[in-house]
Amino acid sequence: MRAIKHLVGFLCVILFAKSAHSESFSDWTLSLIKKNKLNPDHFSFHWAKPDASVILQHRSDVLMLPASISKIATASAVLEYLPPGTQFKTQLKSSARIVGEQLKGSLYLVGGGDPSFVSENMWFLVNSFKRNNIKEIVGDICVDDSLFDSIRFDGSRESVRVDRAYDAPVGAMSFNWNSMNVFVRPTKPVTSAYVILDPENEYLKLENLVKTKKFGPAEIQVDRDWSEKNNIETVKVRGAIGENQQEAVIFANITKPDLWSGANLKSFLSQRGIQVLGNVKNCVSNSSMEILAEYQSKPIEMILSDMNKFSNNFVAEMLTKNMAALSQKPATLKVGVEKIQQHLKKLGFDLQKDFIILNPSGLTRDNKMTAYAMWKLLLIREKDFSSMPEFIMSLPISGVDGTLKKRMKDPLTYRQVRAKTGMLNGVVSLAGYATDMSGMPIPFAFMYNGPGDSARARSIIDQIFEKYYSQR
């Protein structure tokens with residue numbers, strides 16, 4: 001009997017110690033927030049093990065602005081409607097006759113909604129086409145992007161447009177994330193800087209207004225001006241770069257995805273010795289046309305990795321329209337978002353109290369969610385073996401890649417966290433998995449909505465993980 005009493009007492013001490021540790025961690029976290037002169041009421045977080053034992057919890061039932069961790073809900077829905085292994089097709093088709101080395105009519109570039117169609121894939125498509133032994137296309141390049149509607153910037157995004165790559169337009173036929181690279185190098189002696197657009201094609205016209213200066217960093221501004229009259233996008237590059245500076249690169253979006261894709265096809269064909277006599281136009285193909293070349297995208301799980309690791313808003317909206325295309329053509333973002341909402345409801349979430357999802361990328365202030373609901377969604381994803389490996393693979397790894405490449409590089413946290421980041425003005429978020437002592441994943445969700453320095457809020461979240469791993 002005495003031995004049993006000693007054992008019970010020993011277990012009580014252990015339980016009390018664990019409770020005290022939990023409380024001290026919570027107290028330490030709130031103290032850290034106050035020490036950094038931020039208001040704890042502007043934070044919400046839920047971090048608990050799969051058995052629901054809480055590590056940290058604070059205002060986790062309050063609806064908050066999530067920013068880009070909204071993409072976790074999008075990814076979850078994508079894996080239901082477009083399961084691992086799904087691929088998208090981009091085709092070159094024509095109804096014209098091939099006479100000798102001539103195609104006696106137009107060549108159709110048919111978009112299948114592939115968000116990952118880039119230069120390497122265009123080369124594959126063009127090289128496949130070249131094996132038809134066609135050296136001249138008598139007609140036009142006709143771009144068919146009718147799988148999606150023609151709305152390039154959905155109203156659910158933030159209303160102010162910017163010309164950076166993260167705000168790229170959407171189209172069923174898209175190329176290089178509908179963005180261009182603007183490279184700027186200084187010249188010697190000091191004169192106009194060297195500017196090059198990549199890729200180069202007849203869609204773009206460069207106006208180089210950049211100067212090389214004696215000293216100082218690169219201060220470059222890129223503006224675009226679309227002309228409906230001649231289907232040319234003028235790219236005005238202004239500013240200055242110091243003569244000893246390294247090459248600067250700016251990623252800017254384009255205006256017309258269909259014409260942009262067609263112009264790049266025309267350029268790539270030219271580089272393979274195939275001349276196009278006509279222009280680039282928007283057209284609609286038909287099923288009776290002969291397929292002259294076809295490219296199948298990488299699997300959906302790798303595209304989800306592009307979306308989550310680099311927080312790519314363009315990919316999020318493209319995948320959402322692909323979900324819509326399963327039941328409606330042309331596909332709309334509204335129907336795709338309804339698919340996400342239906343998915344969340346099917347999993348048991350309340351679409352008013354748990355999640356309010358109106359935009360798939362999080363590039364909006366209208367999305368809302370609770371930290372607890374996000375934690376629960378991550379737990380559901382972890383337990384679904386049919387897509388769990390692909391989902392976790394898509395998340396950035398602390399100190400290694402994606403949007404976490406420069407965060408949590410300390411040896412304690414390095415490679416220990418896989419999570420999606422989020423950021424808008426006054427919004428900082430992080431949601432994903434952290435390992436426990438046995439190496440098993442523990443879901444978590446952190447959100448900050450408030451004024452002040454966003455970098456400070458991010459630093460607080462990173463320090464919380466450092467503290468956790470220092471006490472294991």
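For (1) aliphatic (A, V, I, L, M); (2) in contact with a helix residue (DSSP H, G or I) (Cβ under 9 Å, 6 or more places away or on another chain), each residue gets a yes or a no:
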| residue | (1), (2) |
| --- | --- |
| Leu82 | yes, yes |
| Gly100 | no, no |
| Lys104 | no, no |
| Asp114 | no, yes |
| Ser128 | no, no |
| Asn132 | no, no |
| Lys135 | no, no |
| Val138 | yes, no |
| Asp154 | no, yes |
Report task. Taking Ser128 as the residue in question, decide whether it is in contact (Cβ under 8 Å) with a residue 12 or more places away in the chain and either among the acidic types (Asp, Glu) or closer than 27 Å to Phe268 by Cα (or both). Result -> yes
Requested in this report: Name the single residue, out of those in region 231-255 being assigned to a loop (DSSP other than H, G, I, E, B) and acidic (Asp, Glu), that is surrounded by the fewest Cβ atoms within 10 Å (Cβ to Cβ).
Outcome: Glu247
Report summary line: Residue hits (region 359-386; in a loop (DSSP other than H, G, I, E, B) and either surrounded by fewer than 20 Cβ atoms within 10 Å (Cβ to Cβ) or at pLDDT below 95 (or both)) are Leu363, Thr364, Arg365, Asp366, Asp384, Phe385, Ser386
Requested in this report: Please find, among Thr212, Thr187, the residue that is free of Cβ contacts under 8 Å to residues at least 60 places away in the same chain and crowded, with 20+ Cβ neighbours inside 10 Å.
Outcome: Thr212
Requested in this report: Quickly run through region 268-282 and pick out the residues that are loosely packed, with under 15 Cβ neighbours inside 10 Å and over 34 Å from the mean Cα position of the chain (by Cα).
Outcome: Gly273, Gln275, Leu277
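Residue by residue, here is whether (1) outside the structural domain of Gln341 (by TED's automatic domain parsing); (2) in contact with a His (Cβ under 6 Å, 6 or more places away or on another chain) holds:
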| site | (1), (2) |
| --- | --- |
| Asn39 | no, no |
| His42 | no, no |
| Ser53 | no, no |
| Glu80 | no, yes |
| Asn121 | yes, no |
Query raised in the report: Does Leu347 satisfy being modelled with pLDDT of 95 or more, within 21 Å of Ala419 (Cβ to Cβ), over 15 Å from the mean Cα position of the chain (by Cα) and of a type outside the set (Phe, Trp, Tyr)?
Result: yes
**Report entry** From Ser429, Ser454, Ser459, residue being hydroxyl-bearing (Ser, Thr, Tyr), crowded, with 17+ Cβ neighbours inside 10 Å and in the same structural domain as Asp41 (by TED's automatic domain parsing)
**Finding:** Ser429
**Report entry** Lone qualifier among Gln352, Gln296 - being surrounded by fewer than 22 Cβ atoms within 10 Å (Cβ to Cβ), over 10 Å from the mean Cα position of the chain (by Cα) and in contact (Cβ under 8 Å) with a residue 24 or more places away in the chain
**Finding:** Gln296
Report task. Take region 415-472 and flag every residue that is among the aromatic types (Phe, Trp, Tyr) and part of a strand (DSSP E or B). Result -> Tyr433, Phe444, Phe446, Tyr448
Query raised in the report: Just a yes or no: is a residue in region 416-424 more than 20 Å from Met64 (Cβ to Cβ) and out of contact with any Leu (no Cβ under 8 Å at 6 or more places or on another chain)?
Result: yes
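The values are calculated or read from the model by the stated rules, or taken from the named source; none is laboratory data. Only a predicted model underlies this, so the values are computations on that prediction, with no experimental measurement involved. Please note: Cβ atoms are built from the backbone with ideal geometry, for glycine as well, and neighbour counts cover all protein chains shown.
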